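For reference, the structure discussed in these notes is given below.
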Amino acid sequence: MSGHGLTGLSPWSRRLVAVGVLVWCLITVFPLYWVVVTAFKTPPGVVGGPTYLPFIDFTPTLQPFIDLYQGIRGEFFRTFLNSTIVGLSAAAIATAIGAMAAYALVRFEFKVRLGAGLVFFLLALGGYLLFNATFGFTRPQALLLAFPIALIAAVVANRLPLPGPILGNEDILFWFVSQRMFPPIVTAFALYLLYSEIGRLGFQLIDSFVGLTLCYVAFSLPIVVWLMRDFFEAVPIEVEEAAMVDNVPSWRIFIGIVVPMSMNGLLATFMITLAFVWNEFLFALFLTNSRWQTLPILVAGQNSQRGDEWWAISAAALVAIVPMMIMAGLLSRMMRSGLLLGAIK
Amino acid sequence: MMRNDPIKHVFIWPAVLVVLAISIFPLIYSLTTSFLSYRLIPPIPPRVVWLGNYATLLQEPRFWSALFTTTLIAFIAVGLQYAIGFGVALALNARVPGERLFRVALLLPMLLAPVAVALVARMIFNPTMGPLNQFLAKFGLANLPFLTNGHWALACIIAVEVWQWTPFIILMMLAGLQTLPEDVYEAAELENASAWQQFWGITFPMMLPISAAVVFIRLIESYKIMDTVFVMTGGGPGVDTETLTLFAYQEGFKKFNLGYTSALSFLFLIAITIIGVTYLALLRPHLEKRR
């Protein structure tokens, strides 16, 4: 890789470019440096105006972190555990079923009639209205009844020679990815109402592990399918064909050959998903209130709770940031040139 | 070679079922609710008003102001991200000195929680005790109303967005730059094309498809902005920095005005679809010409 694009520049302008990058780098790093040093300050070290160098400008202390651990500003330890548990399980489940779907889209042929999709949507909508308005079922009951009916009807309709275009693998992939375009507020709000009505039927989903994880899995799936498809396409088909000659069943080809060969891609996808879930704010805001609250909610709350106690705010922000900093280090090692390239084609 | 094996259904159905259940159902639910007048506090029994909620919303200045604010933030922030990101990616690709050192640091912001970043930004933009104030005071610009004046607050939010998401553009553009063929540049070199000519004649047109995709992703994501604003200004001062998502949150979660909020989220969906389709339609002729 040579430096095209800059080869024509004089040494002087090369230096100018280097300075420009350095400035951007400083802008990037300064806030991070600031939050790290502020987290170790004592109250006088903050109120006296900005200070930058530990041991010279101010005396560092661990007090903010001890306060956090002791739960003076909210139950940090438990919230940290919540975030970890929900993040790891949602990322693991999403990576697993997303990878399966991506593999299916790469190696098997699917045909879905547009008509069958329309049948599904109309029956789900119509069935819901019918059950709710005419038969007097509650809204979640009506939804739960309409869903399987619409699904079965759609699968049957797919076998019939309906008019209209036939959608292939590319279209299914587009459908997955387009879910990402949705403003999450549309879903978050409706999901909140739906969850609370299901809760009234006796099955608690608001502020529960299952409810939050399920929602995160669904929202990570588009990215997982999108990224994993490119990794699986890079697996040479000859290996799989050789195994097929020996009559190895497809699921063993997938688990025994394809998964080990795309381990790097799976790991990278897992980490990106984990970062997404770890940082997510809107769904957690709607779907949790106390027991399963996640870190972003607690961190956002620090703001209003006690005003300008910067040492504590910084420590809280740092707790939310550090795991992702470590992951960025790991990820950048795997980020050899072109790891994410396929994703943008 | 595509295989055809019944086991393919086992592979694809779990993902399809989860996505269907979590995305299509809320959609149906809020679509039907958006035609109702339905409040939880004070409790009023649902009443069908058809397009009434939509009509009220379209006459509501607060909706238009939120739409305008969101659009302003998205377009300015993404424009700056693209300009800075492309520039830095070009420099990194040209192996400026110290390039390896920059890479990890440059990627960091996009993996951090926006909520935490916004908290840090609040400290930095503090008008009396913040480091930015100290820096600007040296130039005689002390105590600027960073987060308490509508225009300044908007600029600060945009600055934070640019800080956090430029790394994404750098990452993608760098990956794209590394696939450009070498020989075109060698030919240009022989014809004594200047660096400036090489950029506009070769690099920029060849990077156009990737640029279009990256800008599209960032634009759509920027329209969803909520957590940064929520922490930095809470939509204030007044409603000067209120974005669409924040507006919907206030209406739905604070006032429990269900029908109205559902209609609002659908208008949001329609707006984002219009923007997306227009963007793709505008770019399509440019993209196809290069193929």
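From Cα pairs below 8 angstrom and at least 6 apart in sequence, can you work out the relative contact order of chain B, rounded to a whole percent?
Working: 283 pairs, mean separation 87.7, N = 291.
Relative CO of chain B lands at 30 percent.
Given the options A:Met181, A:Ile149, A:Val245, identify the residue whose Cα lies farthest towards the positive end of the charge dipole of the stretch A:102-260 (+1 on Cβ of Lys, Arg; -1 on Cβ of Asp, Glu).
Of A:Met181, A:Ile149, A:Val245, it is A:Ile149.
Filter chain B for me: DSSP H helices, axial length by Cα at least 30 angstrom, mean Kyte-Doolittle hydropathy not below 1.0. List them by residue number.
Flagged H segments are B:61-93, B:150-177, B:258-290.
Using the crude model of +1 on Lys and Arg Cβ and -1 on Asp and Glu Cβ, and no other charge, please compute the dipole size for chain B relative to its Cα centre, in debye to 20.
On the way: 18 positive and 15 negative charges, 142 e Å.
My answer is approximately 680 debye.
Bin width 10 Å, alpha-carbon pairs only: give the P(r) of the stretch A:124-181 as whole percents, running from 0 to the bin holding the largest distance.
20, 31, 35, 13, 0
From other protein chains only, count the Cβ atoms within 10 Å of every residue's Cβ in A:314-326, then give the mean.
Mean shielding by partner chains, rounded to a whole number: 4.
Per residue of A:189-198, count partner chain C-beta atoms within 10 Å of its C-beta, then hand back the mean as an integer.
Numbers: counts 14, 15, 6, 3, 11, 5, 1, 1, 1, 0.
Mean partner-chain Cβ count within 10 Å for A:189-198: 6.
Within chain B, what's the longest run with no chymotrypsin sites (Phe, Trp or Tyr not before Pro) in a DSSP loop and at most 14 other beta-carbon atoms within 10 Å? Give the range, please.
On the way: sites that count: B:Trp50, B:Phe139.
With a cap of 14 other Cβ atoms within 10 Å, the longest stretch comes to B:140-291.
Quick one: angle between helix A:263-279 and the longest Cα principal axis of chain A, in degrees between 0 and 90, rounded to 10, please.
70 degrees
Quick one: angle between helix A:295-306 and the longest Cα principal axis of chain A, in degrees between 0 and 90, rounded to 10, please.
40 degrees
Need one value for A:176-183: mean number of C-beta atoms belonging to other chains within 10 Å of its residues' C-beta atoms. It would help to have the intermediate numbers written out before the result.
Numbers: counts 3, 0, 2, 5, 3, 10, 10, 13.
Going residue by residue through A:176-183 and averaging, the value is 6.
Given charges of +1 on the Cβ of Lys and Arg and -1 on the Cβ of Asp and Glu, with all other atoms neutral, how large is the dipole of the stretch A:126-230 about its Cα centre, in debye to the nearest 20?
Working: 5 positive and 5 negative charges, 36 e Å.
It works out to roughly 180 debye.
Any idea what angle helix A:209-233 forms with the longest principal axis of chain A, computed on alpha-carbon atoms, 0 to 90 degrees, nearest 10?
Long axis of A:209-233 versus the principal axis of chain A: about 80 degrees.
For q = 0.08 Å⁻¹, what log10 I(q)/I(0) does the protein assembly as shown give under the Debye formula with an equal point scatterer on each alpha carbon and no solvent?
Once normalised to I(0) and log-transformed, intensities are -0.65.
Place a +1 charge on the Cβ of each Lys and Arg in the protein assembly as shown and a -1 charge on the Cβ of each Asp and Glu, then give the dipole magnitude about the Cα centre in debye, rounded to the nearest 20. Write down the numbers at each step before the final one.
Values: 37 positive and 32 negative charges, 144 e Å.
For the protein assembly as shown, the charge dipole is close to 700 debye.
If you build a Gaussian network model of chain A, linking Cα atoms that sit under 10 Å apart, which residue out of A:Gly202, A:Gly301, A:Gly115 swings the most?
A:Gly202
Please build a GNM for chain B, connecting alpha carbons under 10 Å apart, and tell me which residue among B:Val231, B:Val277, B:Val16 fluctuates the most.
Fluctuation is largest for B:Val16.
Compare A:Thr138, A:Thr84, A:Thr288 in a GNM of chain A, Cα atoms joined below 10 Å, and give the one with the largest fluctuation.
Comparing A:Thr138, A:Thr84, A:Thr288 in the GNM, the peak value goes to A:Thr138.
Report, as a whole number in µm² per second, the diffusion coefficient that Stokes-Einstein gives for chain A at 4 °C and 1.567 mPa s using the Kirkwood radius over alpha carbon pairs. If you can, show how the numbers build up before the last one.
Numbers: Rh = 24.3 Å.
Roughly 53 µm²/s, to the nearest whole number.
What would the Debye formula give as log10 I(q)/I(0) at q = 0.28 Å⁻¹ for the alpha-carbon point model of the stretch A:174-223, no solvent?
So the normalised log intensities are -1.06.
So what does log10 I(q)/I(0) come out to for chain B at q = 0.09, 0.12, 0.13, 0.14 Å⁻¹, using the Debye formula with one equal point on every Cα and no solvent?
Values, matching the q order: -0.63, -1.00, -1.10, -1.18.
Can you tell me what the convex hull of the Cα atoms of the stretch A:200-315 projects to on average, as an area in nm²? Intermediate results must be reported in sequence, preceding the final value.
On the way: hull surface 44.5 nm².
Approximately 11.1 nm², given one-decimal rounding.
Determine the sum of side-chain charges near A:Leu282: Lys and Arg each +1, Asp and Glu each -1, restricted to other residues whose C-beta is under 9 angstrom from that of A:Leu282.
Computed value for this residue: -1.
Would you mind calculating the relative contact order of chain A from Cα pairs under 8 angstrom and at least 6 residues apart, reporting the percent as a whole number? List each step's numbers first, then the result.
On the way: 341 pairs, mean separation 90.2, N = 345.
So the answer I get is 26 percent.
Identify, among B:Pro167, B:Thr56, B:Leu177, the residue whose Cα sits farthest towards the positive end of the charge dipole of the stretch B:32-191, taking +1 on the Cβ of Lys and Arg and -1 on the Cβ of Asp and Glu, with the dipole about the Cα centre.
Checked the options; the winner is B:Thr56.
Since every read-out is calculated from the coordinates, none of them should be taken as a lab result. Remember, it's a predicted structure, so these values are computed and weren't measured experimentally. All Cβ positions, even for glycine, are placed from backbone atoms using ideal geometry, and neighbour counts span all protein chains on display.
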